[in-house]
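Chemist: This is the structure I have questions about; it appears just below.
The values are calculated or read from the model by the stated rules, or taken from the named source; none is laboratory data. These numbers come from a predicted model, not from an experiment. Virtual Cβ from ideal backbone geometry, glycine too; neighbours counted across all protein chains shown.
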Amino acid sequence: MNMNFERKLPIPMEVKEHYPVTADIQALVEKRAVEIQDVFTGRSDKIVLVIGPCSADNEDSVIDYISRLRCVQDKVEDKILIIPRIYTNKPRTTGDGYKGMLHQPDPNEKPDMYKGIVAIRQLHIRALKETGFSCADEMLYPENYRYLNDILAYVAIGARSVENQQHRLTASGLDIPVGMKNPTSGDISVMMNSITAAQHKHTFIYRGWEVHSEGNPCAHAILRGYVNKHGQALPNYHYEDLLHLCDEYAKTDLANPAVIVDTNHANSGKKYLEQVRIAKEVLHSCRHNEDIKKLVKGFMIESYIEDGAQKIGECIYGKSITDPCLGWEKTERLILDMADLL
């Protein structure tokens, strides 16, 4: 076998014992979970905003950024429920490049998965302690979810993972909202099948156990744009796209029809400044059509302290080392503008 086995990693229970959460934090997580779930079930007419860096690359700058979100949240709390992105796993199209804090707690050092597991748990706990935010993460590795399952608010499954059986089955056993992105091909039926699988009960193997899931009624769609056969990025957030998704949901018996619009990736062609225009266009579509308004539950926005992106090693504080992000001043203005449009 062409693999070198470095060491056996601790199971989630052991990591949680070493890095526990207090009763106060657990109560905060549970309170936030109810508030977020209420958006997806329609009991609340707020929208959710899953917002933050493309990848969490530095603990201090991520906490600095989330602390700024805390101040904005207090201004828009009657209309918007902010879920900060702490994305600690970074999928790579070719497998090369920075794979996130789970792999490299320090982007300039070699990978260390044990330190990574500890680092991502500590970062999520620190966000809760210092800002009161339970946060979102991407499920790149389904078997790693239990290292964070007691503190997460939201999980996204990426465009390259959404067709994977283990991701779908694991999502069916989560008790928080899980967003299923459309695949890079743009085939909406793949996303809808993934949501269906996640909402159903299953029996499957997970971390060496036979497990039974109850189904996740808050599994939902994320539209992130797609790439055509010529490799060109094309959007799927326009009025007609949202109407089409309404129609696709109407053909099913899925619970809680919902979509989050990802304003970056192929929807913006990775032109991060376009995220401002895209979010406002979708809100306009919501005002124009009641069915779209009921379906759109929020947005996913890539944002950090500084505009754009940098290369690893440049060490510009609060600037993305992966995809380019919207800087803080533009982010704050956008959130306030969105609240005014709601």
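Chemist: How many residues are surrounded by fewer than 18 Cβ atoms within 10 Å (Cβ to Cβ) and either free of Cβ contacts under 8 Å to residues at least 40 places away in the same chain or aromatic (Phe, Trp, Tyr) (or both) if we restrict to the stretch 147-165?
Modeler: Within the stretch 147-165, residues that are surrounded by fewer than 18 Cβ atoms within 10 Å (Cβ to Cβ) and either free of Cβ contacts under 8 Å to residues at least 40 places away in the same chain or aromatic (Phe, Trp, Tyr) (or both) number 3.
Chemist: Right, another one. Looking at 178, 162, 155, can you tell me which residue is within 14 Å of residue 91 (Cα to Cα) and at pLDDT 95 or above?
Modeler: Checking each option against the conditions leaves just 162.
Chemist: While we're looking at this one, here's another question. Failed condition for residue 238, given (1) out of contact with any Gly (no Cβ under 6 Å at 6 or more places or on another chain); (2) surrounded by fewer than 16 Cβ atoms within 10 Å (Cβ to Cβ); (3) over 22 Å from residue 286 (Cα atoms), with all others met?
Modeler: (3)
Chemist: Of everything in the stretch 197-220, what is in contact (Cβ under 8 Å) with a residue 40 or more places away in the chain, closer than 23 Å to residue 34 by Cβ and not in a loop (DSSP other than H, G, I, E, B)? Give them in sequence order.
Modeler: 199, 213, 219, 220
Chemist: Follow-up. Can you tell me which residue among 190, 155, 178, 118 is within 22 Å of residue 236 (Cα to Cα), of a type in the set (A, V, I, L, M) and over 18 Å from the mean Cα position of the chain (by Cα)?
Modeler: Unique residue meeting the criteria: 190.
Chemist: Among residues belonging to the stretch 310-334 that are hydrophobic (A, V, I, L, M, F, W, C) and touching a residue at least 60 places away in the same chain (Cβ under 8 Å), point out the one that is surrounded by the most Cβ atoms within 10 Å (Cβ to Cβ). Quick ask: steps written out before the conclusion?
Modeler: The first filter runs over the stretch 310-334 and keeps only residues hydrophobic (A, V, I, L, M, F, W, C), leaving 312, 315-316, 321, 325-326, 328, 334.
With the extra rule that they be touching a residue at least 60 places away in the same chain (Cβ under 8 Å), the set shrinks to 312, 321, 325, 328.
On the way: 312: 13, 321: 23, 325: 30, 328: 19.
For the stretch 310-334, the residue satisfying everything is 325.
Chemist: Look through the stretch 215-230, keep the residues that are touching a His at 6+ places or on another chain (Cβ under 8 Å) and among the small types (Gly, Ala, Ser), and return whichever of them is nearest to residue 275 (Cα to Cα).
Modeler: 225
Chemist: With the condition kept exactly as written, say whether any residue in the stretch 162-177 is within 26 Å of residue 64 (Cα to Cα), small (Gly, Ala, Ser) and part of a helix (DSSP H, G or I).
Modeler: Checked the stretch 162-177: no residue is within 26 Å of residue 64 (Cα to Cα), small (Gly, Ala, Ser) and part of a helix (DSSP H, G or I).
Chemist: Within the stretch 256-265, is even one residue surrounded by fewer than 24 Cβ atoms within 10 Å (Cβ to Cβ) and more than 30 Å from residue 109 (Cβ to Cβ)?
Modeler: yes
Chemist: May I pose another question? Among the residues of the stretch 124-146, are any in a loop (DSSP other than H, G, I, E, B), in contact (Cβ under 8 Å) with a residue 24 or more places away in the chain, under 30 Å from residue 226 (Cβ atoms) and among the aromatic types (Phe, Trp, Tyr)?
Modeler: yes
Chemist: Somewhere in the stretch 153-170, is a residue touching a helix residue (DSSP H, G or I) at 6+ places or on another chain (Cβ under 8 Å), closer than 19 Å to residue 133 by Cα and of a type outside the set (Val, Ile, Thr)?
Modeler: Among the residues of the stretch 153-170, at least one is touching a helix residue (DSSP H, G or I) at 6+ places or on another chain (Cβ under 8 Å), closer than 19 Å to residue 133 by Cα and of a type outside the set (Val, Ile, Thr), which makes the answer yes.
Chemist: Would you mention how many residues in the stretch 282-313 are over 16 Å from residue 271 (Cα atoms) and at pLDDT 95 or above? Before you say what the answer is, go through the steps one by one.
Modeler: Filtering the stretch 282-313 for residues over 16 Å from residue 271 (Cα atoms) gives 282-299, 305, 311-313.
If we keep only those that are at pLDDT 95 or above too, we end up with 282-299, 305.
Adding up the residues that qualify gives 19.
Chemist: Still on this model: Kindly list, by first and then second residue, each pair from a residue in the stretch 275-303 that is closer than 18 Å to residue 249 by Cα to a residue that is among the basic types (Lys, Arg) and surrounded by fewer than 22 Cβ atoms within 10 Å (Cβ to Cβ), limited to pairs with Cβ atoms under 8 Å and residues at least 6 apart or on different chains.
Modeler: Within 8 Å, the pairs are 286/293; 293/287.
Chemist: Which ones in the stretch 147-160 are more than 22 Å from residue 67 (Cα to Cα), outside any strand (DSSP E or B) and not charged (D, E, K, R)?
Modeler: 147, 149, 158, 159, listed by residue number.
Chemist: Please work out which one of (1) within 30 Å of residue 269 (Cα to Cα); (2) surrounded by 13 or more Cβ atoms within 10 Å (Cβ to Cβ); (3) out of contact with any Gly (no Cβ under 9 Å at 6 or more places or on another chain) is the condition residue 217 fails and give its number.
Modeler: The one condition residue 217 does not meet is (1).
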